[in-house]
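The values are calculated or read from the model by the stated rules, or taken from the named source; none is laboratory data. Computed from a predicted model, the values in this text were never measured in an experiment. Cβ placement follows ideal geometry from the backbone for every residue including glycine, while neighbour counts extend to all protein chains displayed.
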């Protein structure tokens, strides 16, 4: 006799109560989409968002440990969803990036088109209170306010435990007897100790695989930031073992240092900061002390956040689901974009399809898997990037190809486009790899590499020519 597996159907209805634990972008956007979509279908729900952190406060207490880089395409996507970022939230529009490589002169790569620019934000209110007028707002704080305006109730309490109460999740705060909900959404992120609570919550959830990064904010002042970095994001492909990605990001008065990799330790940070390529991006009087990550010009803060490298397993159960980098994030890139994708997919599934484990497995998990599969391709992309970091002859060929493209129409910027999308997260890794495997691209990079091997003076000639062009 065939055994028919019973599928439990669990739906939200009028007056259903939803708890979101974690008030970062994933949590706030989940709340926003739940309220926005429920109003369209005339479903009356209550959404409580638990977040003790006050994003209006300066320094580590209001920070979510993120470099704060978002692509212009994501800004436009959010605007289409009704999430329009004010000019005070977007710190600076980055229209180009400067690529620094070991043993080669830097090269500037301009944005391919208006929609491909990138923007910088502060997740909190910034490293420290400015001496003068405050010219920016917290990105996370703005999203939280937007969710609140749409009817989400913000609860400024710290969640200390999660329990089951007659097949429904219960959220317990310090000094509170607990609140029972029809759906619990975990948006705590990989840097929260609460993630362990979900692992012991009675379903088979396993936390994502992580690595450690390094972030630091250095205060230079607005004039110095403009002088040394301008409106460009500075990317570094340096021959430093263990370093996958490094960037200097201008933000009004500050420079954000972002280092990503599998083993970011004190020695790696010191080697990076003391490299000639990095030192030329700062005033000559700046001195970096590796003992305490101190900078004489004024380091406001630094941290070593965890990074999501591998997706979590089974991030859902009946009436429970996790979103954001608690589940998955794009490899070394665009965590805010992944937060948006998972938050909306979660809200759509919960409101229109159901909140059972079967519903999340069928309709939400494929979205997570799509990001995870693209990250596998991203692993190959960064493997190729590591080869360029290690071998100078490859770097020289790449730089030569980029320089040659500067005089060509934008549509023919093959290497520039691949590099831009790799470092900004403006395209999927699948798209990037397919473009890099195009026969025309392969022919040009092989030709450029061979040319710089057999005629190394070619790249020096182009460097002098570019310097003359800049002076003219």
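Some notes on this structure:
- Residue 123 closer than 26 Å to residue 188 by Cβ, touching a residue at least 60 places away in the same chain (Cβ under 8 Å) and crowded, with 20+ Cβ neighbours inside 10 Å: yes
- Within the range 406-435, the set of residues being surrounded by fewer than 19 Cβ atoms within 10 Å (Cβ to Cβ) and assigned to a helix (DSSP H, G or I) comprises 410, 411, 412, 430, 431, 433, 434, 435.
- The set of residues in the range 84-109 being more than 18 Å from the chain's Cα centre (by Cα), more than 30 Å from residue 456 (Cβ to Cβ) and part of a strand (DSSP E or B) is empty.
- Of all residues in the range 25-83, those satisfying the criterion of being at pLDDT 90 or above, part of a loop (DSSP other than H, G, I, E, B) and surrounded by fewer than 23 Cβ atoms within 10 Å (Cβ to Cβ) are 41, 42, 43, 44, 52, 81, 82, 83.
- Checking 454, 441 one by one, the residue that is over 30 Å from residue 373 (Cα atoms) and modelled with pLDDT of 85 or more is 454 and no other.
- Answer from 370, 330, 392 - the residue that is assigned by TED's automatic domain parsing to the domain that holds residue 446 and either more than 18 Å from the chain's Cα centre (by Cα) or closer than 30 Å to residue 181 by Cβ (or both): 392
- Number of the exception - residue 387 against (1) surrounded by fewer than 16 Cβ atoms within 10 Å (Cβ to Cβ); (2) in contact with a helix residue (DSSP H, G or I) (Cβ under 9 Å, 6 or more places away or on another chain); (3) within 30 Å of residue 16 (Cα to Cα): (3)
- Residue 134 being out of contact with any strand residue (DSSP E or B) (no Cβ under 7 Å at 6 or more places or on another chain), modelled with pLDDT of 95 or more and within 23 Å of residue 67 (Cα to Cα): no
- Residue 167 vs. criteria on the phi > 0 side of the Ramachandran plot and either in contact with a strand residue (DSSP E or B) (Cβ under 7 Å, 6 or more places away or on another chain) or touching a residue at least 40 places away in the same chain (Cβ under 8 Å) (or both): yes
Residues checked against (1) in contact with a helix residue (DSSP H, G or I) (Cβ under 9 Å, 6 or more places away or on another chain); (2) surrounded by fewer than 16 Cβ atoms within 10 Å (Cβ to Cβ):
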position: 166; (1), (2): no, yes
position: 181; (1), (2): no, no
position: 185; (1), (2): yes, no
position: 188; (1), (2): yes, no
position: 191; (1), (2): yes, no
position: 196; (1), (2): no, yes
position: 203; (1), (2): yes, yes
position: 206; (1), (2): yes, yes
position: 209; (1), (2): no, yes
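- Residue ranges of strands (runs of 3 or more DSSP E) in the range 223-338 with at least 2 members at pLDDT 85 or above and touching a strand residue (DSSP E or B) at 6+ places or on another chain (Cβ under 8 Å): 232-237, 243-251, 254-261, 306-310, 320-322
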